[in-house]
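Have a look at the structure below before the remarks.
The values are calculated or read from the model by the stated rules, or taken from the named source; none is laboratory data. Remember, predicted model here, so these are calculated numbers, not experimental data. Glycine also receives a Cβ, built like all others from the backbone with ideal geometry; neighbour counts cover every protein chain displayed. Please note that ligands, DNA and RNA were not included when accessible areas were found on the heavy atoms of the full protein model with its side chains. Shrake-Rupley method; radii C 1.70, N 1.55, O 1.52, S 1.80 Å.
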Amino acid sequence: MALDINMNLNAENSELNVLLAGRLDTLTSPELDEKLTENIQGIKNLIFDMTELKYISSSGLRVLLKYQSEMKKTGGMKIKNVRKEVMAVLKITGFTKFLNIE
């Protein structure tokens, strides 16, 4: 299963909403990283909606960590609507301690 990435830029609020669906893994995380790199300039708030994200691997976690660090410089990053399967990975890896998850 691939990763579907739907980005919605709210220029008024300098906010980028990223809806992820499918699997964020070794094969798909470079695509997300590339798309974020292209669209992150001038963004103050980065929001990941993981309603439809079914799986995340260490490669996907690395992308989240990278943009968490980037967004600390200019604003903030938030993750919302995390499915229980993905939340389990975030908890086991300790990512819930430093990511803003709603």
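Label separation (ASP25 vs ASN100): 3.1 nm, computed from points 7 Å beyond Cα along the C-beta direction. Surface composition of the chain: carbon plus sulfur atoms hold 49% of the accessible area, using a 1.4 angstrom probe and ignoring ligands, DNA and RNA. The calculated Kirkwood hydrodynamic radius for segment 55-102 is 11.0 Å, given to one decimal from all distinct C-alpha pairs. Relative contact order for the chain: 26 percent, from Cα pairs under 8 Å spaced at least 6 residues apart, divided by residue count.
Rounded to whole numbers, the Karplus 3J(HN,Hα) couplings from phi for segment 38-50 are 5, 10, 7, 4, x, 7, 9, 10, 10, 10, 9, 9, 9 Hz, using 6.51 cos²θ - 1.76 cosθ + 1.60 with θ = phi - 60°, and x at Gly and Pro.
When every Cα-Cα distance of the chain is counted in 5 angstrom steps from zero, the calculated P(r) takes the values 3, 13, 26, 29, 19, 8, 2, 0 percent. Computed with a 1.4 Å probe over protein heavy atoms only, the accessible surface of the chain comes to 57 Å² per residue. Phi angles across segment 18-30 convert, under the Karplus curve 6.51 cos²θ - 1.76 cosθ + 1.60 with θ = phi - 60°, into 3J(HN,Hα) values of 10, 8, 10, 9, x, 10, 9, 9, 4, 7, 9, 5, x Hz, Gly and Pro given as x.
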